[in-house]
Amino acid sequence: MSETVLKSVVVPALQIALVVAVLLGCVAYLVLLERKIIAFMQVRLGPRRVGPHGLLQPVADILKLLLKEDILPARADRLVFYLAPVILLLPALVAFAVIPFSGTPVRVLGVEVRPWITDINVGVLFLLAISSLGVYGIVMAGWASNSKYPLLGALRSAAQMVSYEIPLGLSVISILMLAQTASLVGIVRAQAEDGSWFLFWMPYPQIVGLFLYFVSAIAETNRAPFDLPEAETELVAGFHTEYSGMKFAFFFLAEYANMILVACIVTVLFLGGWLPITLGIPGLRGALSNLLPFWGDAGAALTGLLWFGIKVLVVLYLYLWIRATFPRYRYDQLMRLGWKWLIPLGLAHLVVTGIVLLAAH
Amino acid sequence: MDETKPESPAPESAPKPVPPRKGEADEAALRAPVPSRSLDRLRQALPEAVQEVVFHCGVPIVRVDPERIVEVGHFLKEDAQCRMTLLSDLCGLDLSRLGRPEPRFDVVYQLFSPDQGERLMLKAAVAEGAEIQSVSGVWRTANWHEREAFDMFGIRFAGHPDLRRILMPEEYDAHPLRKDFPLEGRERDHGNWRRPDDERRNVRVR
Amino acid sequence: MFGTSEMEINLGPQHPSTHGVLRVKLSLDGERILDAKPIIGYLHRGCEKLGESRAFPQAIVYTDRMDYVAAVNENIVYVEAVERLLGVEVPPRAQYMRVILSEFQRIASHLVWLATHALDLGAMSVFLYCFREREQILDLFEGYCGARLTTNAVRIGGMYEDFPEGWVEEARRFLEILPARLDEYHKLLTKNRIWLERTREVGVIAGDVALDYGVTGPCLRASGVAYDSRKAIPYAAYREFEFDIPLGTRGDTYDRYLVRMEEMRQSRRIILQALDRLPDGEIRGKTPRRIRPPKGEVYHVNEGPRGELGVYLVSDGTDNAYRCRFRSPCFVNLQALPELCRGHLVADVVAVIGTLDIVLGCIDR
């Protein structure tokens, strides 16, 4: 097989397969993790009967969802009804194509494999664009269900997601200014060069940026406290009321995949991606970059993956913690928060970052 | 529960009232009148509306003329010394088994004044099929209570904004709390709990 | 060319946050509520008719099941009404016991209210924490009368049994941890920005309007009207205890929340006083073997956790009541729902239903 075919078709295909498989597995176990962590915060134990400590619960859930009756509401738009979950899930998966999981390429069987599927030079733009496509899935789901509650839920959700794209984008632009590149790998490398993560970037740490991004992302992914469109106690279950079985599972998968995506993006943009956690101690970076030196490049890659994974887990824990703690925002308050508070905050943050950058040069 | 019996007939003087045996009710004490400023004011202002006054368990029970119930209600609510702003309860009472077949129903109003701390019970007689004025214009809370009285007894309230059933289904055709309505319900309401081939089975098609 | 029209939406009768089988017909203009009509009767079991067909002591069990979250209070109001008809004196120890159980029931009921209200508004963890405390109270009830929910704890003339050994100590232990737990709930909710936004200025009702609607209990007191049956017409032994009645100012959901939270503290205060001064003596007064009150009628009220519980009993001199009417506070409070919801958004209906603290068993009887 020629080198180009190998490099541009086979290797990426294998990478895609690996990422999708691992991602779906992570999503399934994220559901379990959420149930366990929230349970512990609520003085109870969570799933513990299916497998030791409930570890086989995701298997049971998937089996159940696969075997459930497939209900199509009367007079629902059939094509759109079936298409909606797919349209919601695909962008979440596709966005992982540009996420770098580690820093060092590895030679496998003579071929150089990079720990990301691809690295385009407009990576950030690509992410923003792809994640916006999810709105279509929600609107299609609400419309096709031919029922009042899903319609209300879908419209709310769509408006919410569109509104919070703006503060999301504003916080990301500041990062672009700091990194001078829109490629995700480039952003992490810029953090490596600068010597500190963008979160702790001196003289203006991007804490506001992280706060903005994270809050907007919670609203984008329809999670508490912004989960009114799908809250059980408000409008039954919002836009996915009429879905059952595997299609419902897709909605679920899409939501959690989006969560993981957000965690990965936060890690890459603000928390230094695959860079080790050195707590600011100089000179430690080199040692911690490769905890398996006898494996050389592979060791570095795996170590990078480890640090990446730890940061992603911390962000996910934050997601779950917030869900267990806060009440839910009402819809108009949610919109008011996005438009009247976060957008001005984002603009101000942008301006300050720009001024600091200019002054530094 | 018997009335207090005289121990033995005293020869010349009237028999002394004997205190009740331990544990039995002292009826005289229960029926003793209590001072009630609202009652006095009511008697003063609307003497023809007050038909009868008894006392029981320390509460004045005033039977009023049903034609003037709204007037009485307004007075008791607005008068500065009565201020009966809380209509605690309004219910129906079917007296057909209590020795008063006509007029069959009583509407009982439980009034309370949070300012003065006084309680009053009003009663107004309504015949079966007749109407009584609604007091939902005086106390808004009467609205649902009167609907329930209509639902349970069939007492109609004139001037009620929305007189329809509240607890029973809207198309139900009997009044369950009447004394001639059986506790177990009517045969024809029992639906399909009989076997399919039992001819007594009712299939209610709505 | 394009017009808008009202949308009619049904909330319930099966809905996670209607606290029972309640159906609310909402007329919406977009998200704004034009009208909210509650439709009840799904849980109507004919308790009043049953009360007429059973002897007075037998009917006590029906009172448990009407407002099942405030069973002891319902028991007590019925039993006290019969005692008034009989003219029976209840000994002081029994009175104190009634007060203690009544106030524990009030705390338990308010914990259910807080749990479900918070859950409806999204604060899931508060639900679990409240039920953790409620478990302890229910354990106390089980230790006393054998039942957690439908207690049937009182008898005509007094109580049916004295506190078992160790019950009072167990009660004190619970009361010791209660303030810290209440502080926990306060920390989670009271100053929480989201909670404030969801409950401030939502479901506002003025004091005189509320009284006109017959609203009683914490809903009335949050609107500023200081009417509490325990102070206004003291029953059981309430005359002998010192406690405050929390009052609100604005009559909105937030004030009702604060009033109920403070009521839990005041209940604890009452119970501690009662436990400290619990008199010795018998627990059952002299009652006739057969309960046959003389002909007459009485209307007796009680301060339940949700408002004024009332019983109107007409006795015809036989074993059964002639008329046994239960005045349900939730029935009356629910009537004010359209008033509270008008002009708000759909998401507020859930908050308002939660703040009214309704129990369908009490409404439908």
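Before moving on, here are some points about what is shown:
- For region A:1-104, with +1 on Lys and Arg beta carbons and -1 on Asp and Glu, the positive-most of A:Q42, A:L79, A:A92 along the dipole: A:Q42
- DSSP beta bridges confined to region B:29-184 are antiparallel in about 75 percent of cases.
- Each residue, C:E169 and A:K340, gets one label point 7 Å from its Cα in the Cβ direction; the gap between the two is 5.8 nm.
- Remark on A:G51: its backbone amide H falls under 5 Å from those of A:L56, a criterion applied only to residues 5 or more positions apart or on other chains, H modelled at 1.01 Å from N.
- Efficiency of FRET from Cβ geometry, A:D194 and A:R78, R₀ 56 Å, rounded to 0.05: 0.55
- Area accessible to solvent at C:S229, 1.4 Å probe radius, in Å²: 0 Å²
- If you sort the three axes of the alpha carbon gyration tensor as a ≥ b ≥ c, you get a/c of 1.5 or more for region C:251-335 and a/b no higher than b/c, which makes it oblate.
- In sequence order, region C:306-322 has phi-based couplings of 9, x, 7, 8, x, 10, 10, 10, 10, 10, 10, x, 9, 5, 9, 6, 7 Hz under the Karplus curve 6.51 cos²θ - 1.76 cosθ + 1.60, θ = phi - 60°, and Gly or Pro positions carry x.
- Buried surface between chains B and C: roughly 4300 Å² of accessible area, summed over both sides, computed with a 1.4 Å probe on protein heavy atoms only.
- Restricting the calculation to alpha carbons of region A:73-360 gives Rg and Dmax of 20.2, 66 angstrom.
- Selection from C:I283, C:I353, C:P329 lying farthest towards where the dipole of chain C points positive, charges on Cβ: C:I283
- For C:G248, residues with placed amide H under 5 Å, excluding near neighbours: C:A222, C:S223, C:G224
- Using the 1.4 Å probe convention, the accessible area of region A:1-124 works out to 58 Å² per residue with neighbouring protein chains retained.
- Inter-chain shielding of C:207-218 (mean C-beta neighbours from other protein chains, 10 Å cut-off): 4
- Peptide B:161-170 has a mean of 3 when you count, residue by residue, the C-beta atoms of other protein chains within 10 Å of its C-beta.
- Area of A:W339 that stays accessible when all protein chains are in place (1.4 Å probe, Å², to 10): 130 Å²
- Less than 5 angstrom separates the built amide H of C:A321 from those of C:R54, C:F56, all sequence-distant by 5 or more or on a different chain.
- Flagged links, alpha-carbon separation over 19 Å, of B:K123/C:K295; A:K340/C:K187; C:K25/C:K49; A:K64/A:K247: A:K340/C:K187; C:K25/C:K49
- Which of B:T141, C:T4 is most accessible, then next, and so on - probe 1.4 Å: C:T4, B:T141
- Förster-model FRET efficiency, 60 Å R0, B:E52 and A:L24, C-beta, rounded to 0.05: 0.15
- Rolling a 1.4 Å probe over the protein chains gives C:E161 an accessible area of about 90 Å².
- Here is what passes the span test in chain A: the DSSP H helices with alpha carbon length of 20 Å or more along the helix axis and a Kyte-Doolittle mean of -0.5 or above are A:11-41, A:78-94, A:148-179, A:245-269, A:297-325, A:343-360.
- Whole-number percent relative contact order across chain C, with pairs defined as alpha carbons under 8 Å at least 6 apart: 27 percent
- DSSP H segments from chain C that extend 24 Å or more along their own axis, Cα-based, with Kyte-Doolittle mean of 0.0 or above: C:92-120, C:124-145
The values are calculated or read from the model by the stated rules, or taken from the named source; none is laboratory data. Everything numeric in this text was worked out from a predicted model, so none of it was measured. For neighbour counting, all protein chains shown are included, and Cβ atoms are generated from backbone atoms with ideal geometry for every residue, glycine included. SASA here: full protein model, heavy atoms, side chains in, ligands and nucleic acids out. Shrake-Rupley method; radii C 1.70, N 1.55, O 1.52, S 1.80 Å.
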